[in-house]
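The values are calculated or read from the model by the stated rules, or taken from the named source; none is laboratory data. The structure displayed is predicted, hence computed values, not measured ones. For neighbour counting, all protein chains shown are included, and Cβ atoms are generated from backbone atoms with ideal geometry for every residue, glycine included. What goes into the accessible areas is simple: the full protein's heavy atoms, side chains included, and nothing from ligands, DNA or RNA. Shrake-Rupley method; radii C 1.70, N 1.55, O 1.52, S 1.80 Å.
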Amino acid sequence: VPSALNIEDAVKLKFGYVVSCQVYGKQKKNDDPKAKDIDLLLRRFPLLRVAYIDEVRVNRAGAVAFYSVLVKAGTISDDGFTKSDIEQPIEEIYRVRLPGNPVIGEGKPSNQNHAIIFTRGECLQTIDMNQDGCFEEALKMRNLLQEFRPGAPGVPKIEGAPPTTIVGFREHIFTGSVSSLANYMALQELSFVTLGQRVLAEPLRMRLHYGHPDIFDKLWFATRGGVSKASRGINLSEDIFAGYEAIIRGGSVTMKEYCQVGKGRDVGMQQIYKFEAKLSQGNAEQCLSRDASRMALRLDFPRLLGYYLGGVGHYINSALTIITIEVASYLVLLLCVYGAESIGGRQVVPLGSVQIVLAGLGLLNTLPLLATLTVERGLWAAARDVAQVFLSGGPLYFVFHIQTRSHYFLQTLLAGGASYKATGRGFVTRHSPFDEQYRFFAASHLYLGVELAAALTLIKFYTEAEPPQYFGRTWSLWLATIAFLLAPFWFNPLGFSWPHVTDDFRRWCRWISPYTHGGTSSDSWEVWYKEETAVYHRLSVSSKLLVSLKSILYLALARGLVWKSGVDLSDKARTKELHDLKAFSISGGCILAIFLISIFLDMIAARLHYALHRLLKMLLGIIALAVVITAFATHAPFIHMAIALYYVAAAINIIGTLVGVQMFVRHLQRIHDAFIGLVFFVIFIILSALHIFDVVQTWLLFHNALSQGVVVDDILKQARRSQEADSTSHRDTAEEVRDLRRIVEQQQRTISHLLTRAGISGASLQPMEDVTAPETGHSEPDLPSLRVRNAPASSYSIELPKAPSPAASTSDPNFTFQSPAVMPPRDERKDDPYIRRGSL
């Protein structure tokens, strides 16, 4: 029987595990705790290697030499224990001097490329940090490697067939049970990595490399440019270019489903948003690349259709869908405001049956998912999962991200500027303030949603069609509008909680206030506005002309609204209409004068008594409100003129932004944003006051976790340790945790009451341990925790962090809080036998 040392040597010859961490050297010099964690892993797993980029100053002038360095832990003794225990130093294996900084393009592929030289063998498997494997899947690696050898057992040998250069396999998304959003992402990935890639591989023969953990023929790729292209911008989605390289240079890509690895996907709305934005920008850059051009020129037509299906076609379809929604909305509105809804005296009647059929065709997109789930879990479980997706707001999520893909795809095609977006993959129970949500989604979704809502509302008041006809014509457009406007806030935890709504309103007023200057985009509206409009400065002249077409549309709508109000500017003899226009101008001048007086009072506020300043501002507000009410009450056409003026201001805003004259249009945009925010808060205040929406939202968002027994304690422990290093955000996070703990506890009592009324016993609510309690002297936790014990499907149990305040004593008697077992400090773990051992 060979000794343990001989077994380790045999494994070392067959298998190598290299982690590419290009910042490890800087972390080591800065005494970063993350570097100590990496050292701990190296000592625990002696076959593990870490490659990093080292920067060494070579002279007093500041010149720097760059090295690719491979390190490992020290050797183990015959008894299997380390020679110097936990203080064992990390040893360098290789140090290769580089001609310069290797990160000259995208960071991720550059990080991969510099570590390739430290790998050995004929095949190479690339794997990300958010992926994992298990022992039984590792046993199948021999079978996967044989796929590269035609004629091997189980691998047919076909004369003239291109060599197999990439072997892909399934991925299991293990984060799908955390929340509804995580479930949507997991189901979306499940459909693509199983049924979608299976069809692309056979019979379409057009599967590419869509990401790790595919296995490469290392020798084949090493002589053809490598596995990762790293040019900045154009290779933002570096994974797909390995597939391009394989197809263009005569290789083939296959997929086998007898093996799988685990994968963690994004589980928060903002994280998924950044992930979709990154993919959309990457696909737009692909459309501009030589590789995509060569693929399109050399593929036969059936494979070209397969390439469109599995590649850029998905994003082109999303862009065309959004363009169609905008064109349909504004075309119907123009017909209404100009009185052109009838043709030859006959009214335009929408075909309701045709729209129902089209809606059914849209639902066909769920058939691949239903088929995949049926094969994986059975018909009843598949139908239940799809129904749950629809009931928890899934259509809002999927429609919302159609616009995400469209916005960033078209923006990158017109202006460029694609960049890598780190999604973070944090936990999901964090409530995002309204100002943060607005910064994320205003330019891509909220502005378009407000446009469509205004257009559809005007259609309702100007159309000559009956209400059933109006609904048949616009119901699908309203669905898209609601998704663009409400999806970010529906999927925001505790978005309809009264304390959070009031706190969000205070933050919003401070952020959008004209007296808030400087800082970052999260501190001031002006800084955020400059960042959002910077993309228009990169547009070419032709792109600016294309974007300016929307201003012409707004001016045409304004002209039609004025014409609809009875004011014909070409007829000077119509005294009444001109009188109305003059009165509207006078009213507008009064409002403008009041606004200027208000600005003047703010300028001299330091010279006035505080009470006098507030009194004068209040009187000006009352006068302005009285002028508006009187004007609209006495002159009905004023409403049409005010709406027309709004579209004129929108046209001026677009032209001013494109030209670069932002001194005036910035104020118009701030007023527009403030008005949108106030409308949202009116809705949120009503919903939060009713309270039932808060309970229903929490139930639907985390129904997956409650019903499937998800355990996230270990994730939260690691997240807490990671955030302990960031002392600047500790206080704000702790305050948010306390508020979240109190509100979720109240919601859980309401949910328990609902379960009791439904005939479900609440006795299964079990006491929980507080996994978020600090380990090393911290007085407050960093993150909230939701944990569900494995219980029958009819019983649910939520863990909440231990509350330090007396309010916790008023909770349901079924809930008790227990302190966790305190983990020892890092330097006391040397007695752990698993750390002392040289292997698992």
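Numbers at a glance
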{"quantity": "Estimated FRET transfer efficiency when R0 is 35 angstrom, pair Thr634-Leu596 (beta carbons, to 0.05)", "calculated": "0.90"}
{"quantity": "Entries of Lys28/Lys229; Lys140/Lys256; Lys29/Lys72; Lys36/Lys218 with Cα pairs more than 21 Å apart", "calculated": "Lys28/Lys229; Lys36/Lys218"}
{"quantity": "Of all accessible heavy-atom area on the range 73-202, the percent that carbon and sulfur account for (1.4 Å)", "calculated": "57 percent"}
{"quantity": "Nitroxide proxy distance, nm - points 7 Å out along Cα→Cβ at Cys287 and Leu615", "calculated": "6.2 nm"}
{"quantity": "Asp503 accessible area, 1.4 Å probe, all protein chains in place, Å² to nearest 10", "calculated": "60 Å²"}
{"quantity": "Solvent-accessible surface ranking, highest first, for Lys278, Lys36 at 1.4 angstrom", "calculated": "Lys36, Lys278"}
{"quantity": "Fraction of accessible area attributable to carbon and sulfur, the range 250-339 (%, probe 1.4 Å)", "calculated": "64 percent"}
{"quantity": "Residues Arg95 and His691, FRET efficiency given R0 of 60 Å [Cβ-Cβ distance, rounded to 0.05]", "calculated": "0.40"}
{"quantity": "Gly176 long-range amide H proximity, modeled H, under 5 Å", "calculated": "none"}
{"quantity": "Extension reserve of the Lys140-Glu159 stretch, reckoned as 0.36 nm per residue once the Cα distance is removed", "calculated": "4.2 nm"}
{"quantity": "Gyration tensor (Cα) of the range 182-306, equivalent ellipsoid semi-axes in angstrom", "calculated": "24, 19, 15"}
{"quantity": "Coarse-grained scattering of the range 96-212 at q = 0.12, 0.19 Å⁻¹, given as base-10 log I(q)/I(0) from a Debye sum over alpha-carbon atoms", "calculated": "-0.65, -1.27"}
{"quantity": "Exposure of Trp220 as accessible area (Å², to 10), given a probe of 1.4 Å and all protein chains", "calculated": "30 Å²"}
{"quantity": "Relative contact order of the range 238-325, pairs being alpha-carbon contacts under 8 Å that are 6 or more residues apart, as %", "calculated": "28 percent"}
